[in-house]
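The values are calculated or read from the model by the stated rules, or taken from the named source; none is laboratory data. Just so you know, these numbers come straight off a predicted model, no measurement behind them. Glycine also receives a Cβ, built like all others from the backbone with ideal geometry; neighbour counts cover every protein chain displayed.
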Amino acid sequence: MKWTDYEKEYLKENYGLKTGKQIAVDLNKTSDQVYSMAKRLGLERNRGTDTQIPLKEAVISLVENGFTVIFDNNSAVKVIKKEAG
């Protein structure tokens, strides 16, 4: 599927801010198409220690890795590691 100029610009603007999967949904493309075009455009993801990721993405990753995430009424977040066994 051919990429429009708008789609390429959207990818350039969002590649470091959203996941490839999120961009794929936004543009009605597959993740493979997004990663392939990003490579062709010379885009790189910066996932260093100071990189911010969306809260929803962080919470999903924590839960998938066995953590419990609790939000209180003051917007504080408590993360608890699930005990083994």
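Among the residues of this structure, GLY20 counts as one that is modelled with pLDDT under 95 and touching a Ser or Thr at 6+ places or on another chain (Cβ under 7 Å). Looking only at residues of the stretch 18-43 that are part of a loop (DSSP other than H, G, I, E, B) and either touching a residue at least 12 places away in the same chain (Cβ under 8 Å) or in contact with a Phe, Trp or Tyr (Cβ under 8 Å, 6 or more places away or on another chain) (or both), we find that the one that is surrounded by the fewest Cβ atoms within 10 Å (Cβ to Cβ) is LEU41. When you scan the stretch 71-81, do you find a residue that is assigned to a loop (DSSP other than H, G, I, E, B), at pLDDT 85 or above and on the phi > 0 side of the Ramachandran plot, even just one? For the stretch 71-81, residues assigned to a loop (DSSP other than H, G, I, E, B), at pLDDT 85 or above and on the phi > 0 side of the Ramachandran plot: absent. Restricting attention to the stretch 1-17, the residues that are under 20 Å from ALA58 (Cβ atoms), assigned to a helix (DSSP H, G or I) and hydrophobic (A, V, I, L, M, F, W, C) total 0.
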